[in-house]
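Note sheet for the following structure.
Each value in this text was obtained by applying a stated rule to the coordinates, not by laboratory testing. For clarity, every value in this text was computed on a predicted model and none was experimentally measured. Cβ sites come from the backbone with ideal geometry, for glycine too, and all protein chains shown count toward neighbours.
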Amino acid sequence: MQCNAKLCANLLELYSHISAVALQSTLLKAATSMLAAEIEQNKREREDALNERVPPLNLSGLSAKELQTLCRELHQKIDVVDEERYDISVKVAKNEKEITELRGKMKRPALKRVKISADAMLGALLGSRVKESVDFKANLKTVKKEEEKKEEVTDWKKLFDAGQ
């Protein structure tokens, strides 16, 4: 049983005047009772499923021979189930062994740089929530180049040429 958002919001509004500790203890009590009810329901469902699959035995009025044949049939069914359980456990052990072997063999590939625009990245991350494109370049500071540096470079070149 999971607490949905509306129920949690209603509980928080209802218990807004109670301290956080009291709220926590109340929620724990509610969760404990819900868990107990869920466990009880699971037990009932299990018993119902078992009663459907395995009907109760009627042993009254059966002779010794009939009881012996019934026991033989039950033993055969038990043997079939044990064989299936063993086969499944062997398959599980084999798969677990393969998984551990594959984990050792796996190597992380080298990551490659991918060029993607800002709009495409936002679209991939946020999905259809983005309605407008965001221009990140518009938010950048503009830097004005100073004319003085160009003059200094030209003066330096003049000095260098004059020195030769």
Provide the gained length on full extension for the span Lys107 to Met34, in nm with one decimal, where the gain is 0.36 nm per separating residue minus the Cα-Cα distance.
-> 21.7 nm
Extending each Cα 7 Å along its Cβ direction at Asp87 and Leu125, get the distance between those two points in nm, one decimal.
-> 5.2 nm
Starting from the Cα coordinates of the stretch 33-72, work out the convex hull volume and express it per residue in Å³.
-> 80 Å³
Working out 0.36 nm times the residue gap between Lys97 and Val143, then minus their Cα-Cα distance, what length gain in nm do you get to one decimal?
-> 10.4 nm
Work out, step by step, the length gained on full extension between Arg46 and Ser117: first 0.36 nm times the residue separation, then minus their alpha carbon distance; give nm to one decimal.
-> 20.0 nm
